[in-house]
Each structure stands twice: as C-alpha cells, then as structure tokens.
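Right, one structure below, let's go through it.
No value in this document is a laboratory result; all are computed from the given coordinates. Since we're looking at a predicted model, the values are computed, not measured. Here the Cβ is made from the backbone with ideal geometry for all residues, glycine too, and neighbour counts use every protein chain on show.
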Protein chains: 2
Amino acid sequence: MSDETLAGPVERADLFARFSLNQQTVKQWSLPELADGCARAGVRGVGLWRAPVQEYGVSAAARLVRDAGLDVTSLCRGGFFTASDPKERAEALADNRAAIEEAAALGTDTLVLVSGGLPPGSRDLPAARERVADALAELVTYAAEAEVRLAIEPLHPMYAADRCVVSTLAQALDLAERFPAERVGVVVDTYHLWWDDTIGSQIERAGATGRIAAFQLADWVTPLPAGVLLGRGQLGDGAVDLRWFRERVDEAGYQGPIEVEIFNPSLWERPGDEALAEVLERFITHLVHSR
Amino acid sequence: MSDETLAGPVERADLFARFSLNQQTVKQWSLPELADGCARAGVRGVGLWRAPVQEYGVSAAARLVRDAGLDVTSLCRGGFFTASDPKERAEALADNRAAIEEAAALGTDTLVLVSGGLPPGSRDLPAARERVADALAELVTYAAEAEVRLAIEPLHPMYAADRCVVSTLAQALDLAERFPAERVGVVVDTYHLWWDDTIGSQIERAGATGRIAAFQLADWVTPLPAGVLLGRGQLGDGAVDLRWFRERVDEAGYQGPIEVEIFNPSLWERPGDEALAEVLERFITHLVHSR
C-alpha cells in the first residue's frame, strides 16, 4: 500500500489548504495567468517576487491577488545587506524599506531576506555577517510599523560568497534572536538545509522560540548546473526526505503555509497548468505523514 | 608595505618546508614528471591519488618517491562507505584495506577518506552516516596495524548527495571521536569548510583533541562550473581568508604539512613548472602571518 492510499482525506485536505505556489516555480506565467491558474487548480496561496510585481505595478498586483481571493504567503526578497560602501549600504536600506512597503501593500506579513554575499574583493565573512545584523536593527521598527515580519533565509553554503553569508538555520536563528520573535523570523527551505546533520534540533529550536516565518520546499538533484542557481528539483526527484522535514516543522508547532519554490527551466518550458498539476500531485505524495 | 615584505625569511622558510603539492593540482604531470618537477622547485612533500599510483604500479611509485626524497603527506582516497547492499559494502571495505596497504607502501601515515553519498534512490542521510561509522569501526584495527591513520574529510555540503554525507568539521569530529585520536583524524580543507560560521571553534576542538590529520588549501571562486567538481580556485583568487585558516590551524597546535589541492583545468592546461611556481608564490603571499 502506498503512502498516498494511507493518507486520510482529512490530512490531504489540510495539506492542500496549506499549499502555496511560489511564482518562480511557474515563471512562465504572468501575474494574471498565475491568478487564473491558481483558481483553476483550487490553489489559495502564492509567494510573489518583487521584480514581476514591480513590472506589473504594485497596486495593480495587490488588486489582482485580492480580487482573485489569493493569500500572498511571502514576498521575495529584501536583503543584500553586506555592502561596506556607505552609499551602497544606504541604497540597500532604502530598497529594503520599499520592499517592506510592497509586502504590506500585497497583504503579506512575511518579507523573505537573502542577506547578501561578500563585497567584491573582500574575504571578511564575520564583518559581512555583522553588517547583516546592523541592517536588521535599522529595519526592524520600520517593518513592525508596516506589520511585516523580516524572515531571514539561510541559503545553501554554496551561495556564501556571492549571495548569502547566512548558511545554516543555527546561524539565522542566532541573528534573529537578537530581535523579538514577532519582528524577525527565519525561513526553513529544504533545498538549502537538507544536508545539515543538526537540522532536526535547529527546527525544534526555531519552533520553540516561535521563529518559523516560512517553510519552503524544493528537492536536491544532481549534477548541479553551471552557476548552481537553476538546478532545484521537482518534489520527489531528489535526495531530500520532504516528509521528514514536514513532520519536524509540524512538530515544532508551525501551522502556516507550505510554499513550493522550484527554480528549474524544465518546469518553465511546460504549460503552467501541467507543471502546477505535477507539483500538487508530488506535494501530496511526498508530504503525507508516515504511519 | 605588503604582507610579503613583512614576512621574515625564517617564517617564509618554515612555511615553504611545510608545503606539499597534491598531485591533482598539476594533473598534467605523470608521476616521474611530478618527482622531477618537485626537485626543480625544491618541493619536498606530495599528496598522491590512488588511480595514478595504481596505473604506475604501487611498488614502482613507492620506489620513485623514495628515490626522489619526497615525503608522501597523504594518499587520496579511501571511503565511499555508504552502500547498503551487502556485496557492495564488502567490496568497499576490501578496497579500503587495499588503500591502507597502498598508503603504507608509499610511506604515508595519512589515508584521506571521502565518506560517500546517498545510495541511489535513498533519502536516509542518518542511516548513510551511521554506515560510515560502522565502516570506520571495521577498518580501524587494520589501519593501525599498517601504521596508517584514517583521515575523515568533510566535503562541502554541495556534495552531500553524491559524494560525501559528512559535510562539516563538527560532524567529522563527532565521527572521529568514537575512535582513538591516533587512529582516526580529520582533514581541514579550506575549500570545503570556509563558509562555516563555527569553523574557528571546530578547528580549536580538532586541535585540542589531536585530530588534525591534514590541512589542505584551495580557494573558492564563482561562478561554479556544471557538476561543481573542477571549480576550485588558485590561492588568492577567491573568497577564502587563507591566512586566517593557517593561523587558526597553527594555534590549534598543528605543525604538519600544508597541502595545496586545486582541481582546476586552467592550471592543468599550463606547463607544470609554471603552474607550480604560481602556486608556490601564492602560497607564501597568502599564508604568511598577519602582523
């Protein structure tokens, strides 16, 4: 008997209700196509990205998702806090305040932060990490006034040089815990964290301190493509024990949306409806509780 | 004044004496070319790999390096312990016993272990990690009798699925500490470990417990190539603070060889003498102590 047949209809319905489609998973869709596609599939949650939202217009996008009855579960992304040049740093902070306003306009309380890599020519990781903490301190009140929570996303260590100097959940929690839990949380993304032998205890820690702001899914498949940006796997195609992650996050007390965020050209080449249908089928198959 | 001019001649001589050339750095050289090239450059230590040694013949290779007066600082690699199939597992153990004998024949006391990834279709990282510990337990006496120390190398987390389920120095030490320090150590390789915010304290731990079996250098450069195997950077070209690592490892009490192991086709395309000269110049420039 497969896990799928063992899952009760109640659990499947509950799981489906928590599903959120990050728009990068079906990048081939425009925002109106995304709203229509979600309606056809019965999907109620979406994770949005700033660039396509800005292109469409923030107010227009906010109206579109509101009229479609969609919950915006997160906005990606603020961050890139690691510039040491004062002008670049001021620009980054201004851009993050804009991101906070966009999140508020879209009706989401979660702004995902990708912290930034090393400045060109620098090898000083501790200093870059401290600039992330400083930037959070400067933004946290602004975000609170907009009722937006900052969500620090640890990225896979292969991105530490050029994208994100926060590489583990423990490190993200160390940063987040300098601030109140309702102001700064963390993102648990299976793609970035699956390899970590301490991840179980760190998810427990994140849950116990009320820090899990978002839970995102993608699978790990090899070989990695050049540049290692667009090689995330469809759920079930790779090495990640997604069910195990879902159970740990559930046990840690997180009951929020489960967002599927897969950057993979092979999904983008297909009709969006077909890609989404496959994602949903995999989501149920690989996330139902084990017995 | 540059760091180079600040380095005293004594420190430079001491550093140079600890230099070891891993043969993968100058893969264009045959074993006799390696021996000749090292003699020309005054290099006294080499790290060898099993495949080229076997191709040349283990006894002949042992005689060659002995006659050339070279110290073999390590042999790469044993490991690949994670198969769950009993036959594959027995083959892996037999192959590791052969690797131990080859290390002894070559006169090195350090066999580097790359633990292996997930078996095909498996998502059970904890079980794979436990099989690594089981294999170590089966090999440790055999290795001790050959006066060879097993050196667990944590590989970058981007290799966790297909190459090595041991991803951090903390995890490697947790494994090694199940056995006596003189039997099982760890490899500190900057390429694999540079991103870890706990690496300073873990190097301290490794030193305090006498576990540092080898110290290897390569720099981290982006973008990564497809497959992420051959993108290691020449010393000084990337994000790694090599001097910081050297100082931490020194402070932890390690006084052994410092091996340069760079897998990069752009080094292999050049005359070996030229590639080695550049490596040596970078080694001194980027490793002298700061003042």
**Rounded FRET efficiency, nearest 0.05, which uses the C-beta distance separating A:ASP95 from B:ASP14 and R0 of 45 Å** = 0.40
**Request:** Calculate how steeply helix B:86-106 sits against the longest principal axis of the alpha-carbon atoms of chain B, using the helix alpha-carbon long axis, and give the answer as 0 to 90 degrees to the nearest 10.
**Result:** 30 degrees
**Message:** What whole-number distance in Å separates the alpha-carbon centres of the range A:239-291 and the range B:123-151?
**Reply:** 35 Å
**Calculated [θ] (222 nm, deg cm²/dmol) that DSSP helices of n ≥ 4 give over chain A, each run adding -39,500 (n - 2.57)** = -14000 deg cm²/dmol
**Asked** Between A:SER122 and B:GLU182, what is the label-to-label distance in nm when each label sits 7 Å out along the Cα-to-Cβ direction?
**Response** 4.7 nm
**Complete:** In the range A:189-291, the chymotrypsin sites (Phe, Trp or Tyr not before Pro) that sit in a DSSP loop and have at most 10 other Cβ atoms within 10 Å of their own Cβ are none
**Prompt:** Which distances, in nm and shortest first, link the B:ARG40 label point to the same label point in every other copy, taking 7 Å along Cα→Cβ?
**Reply:** 6.6
**Message:** Which one, A:GLU101, A:GLU278, A:GLU147, has the greatest fluctuation when you compute a Gaussian network model over chain A with C-alpha springs under 10 angstrom?
**Reply:** A:GLU278
**Asked** Pairing the Cα long axis of helix B:199-208 with the longest principal axis of chain B, what angle in degrees results, from 0 to 90 and rounded to the nearest 10?
**Response** 80 degrees
**Asked** So how do B:CYS164, A:CYS38 line up by other beta-carbon neighbours within 10 Å, fewest first?
**Response** A:CYS38, B:CYS164
**Complete:** Exposure-ranked with fewest Cβ neighbours within 10 Å first, B:ASP124, A:ASP95 stand as A:ASP95, B:ASP124
**Message:** Taking the number of other C-beta atoms within 10 Å as the exposure measure, put B:ASP241, B:ASP85 in order starting with the fewest.
**Reply:** B:ASP85, B:ASP241
**Message:** So the label point sits 7 Å from Cα along the Cα-to-Cβ vector; using that for B:SER84, what distances do you get to the other copies, in nanometres, sorted shortest first?
**Reply:** 4.8
**Fill in**
Note: B:194-203 gets an average of partner chain Cβ contacts (10 Å, Cβ to Cβ) equal to 4
**Item:** Relative contact order computed over the range A:3-287 (Cα-Cα under 8 Å; 6+ residues apart), in percent
**Value:** 19 percent
**Item:** Rough spin-label spacing in nm, given labels placed 7 Å along Cα→Cβ, for B:THR141 and B:ASP67
**Value:** 3.9 nm
**Message:** Give the average, rounded to an integer, of partner chain Cβ atoms located within 10 angstrom of each Cβ in A:109-122.
**Reply:** 1
**Asked** What number, in percent, do you get for the relative contact order of the range B:29-114 if the mean sequence gap of Cα pairs under 8 Å and at least 6 apart is divided by its residue count?
**Response** 33 percent
**Asked** Copy-to-copy spacing for A:ALA51, label 7 Å out on the Cα-to-C-beta vector, in nm, shortest first?
**Response** 3.7
**Fill in**
In nm, the gap between the two label points placed 7 Å beyond Cα toward Cβ at A:ALA51 and A:HIS289 is 4.0 nm
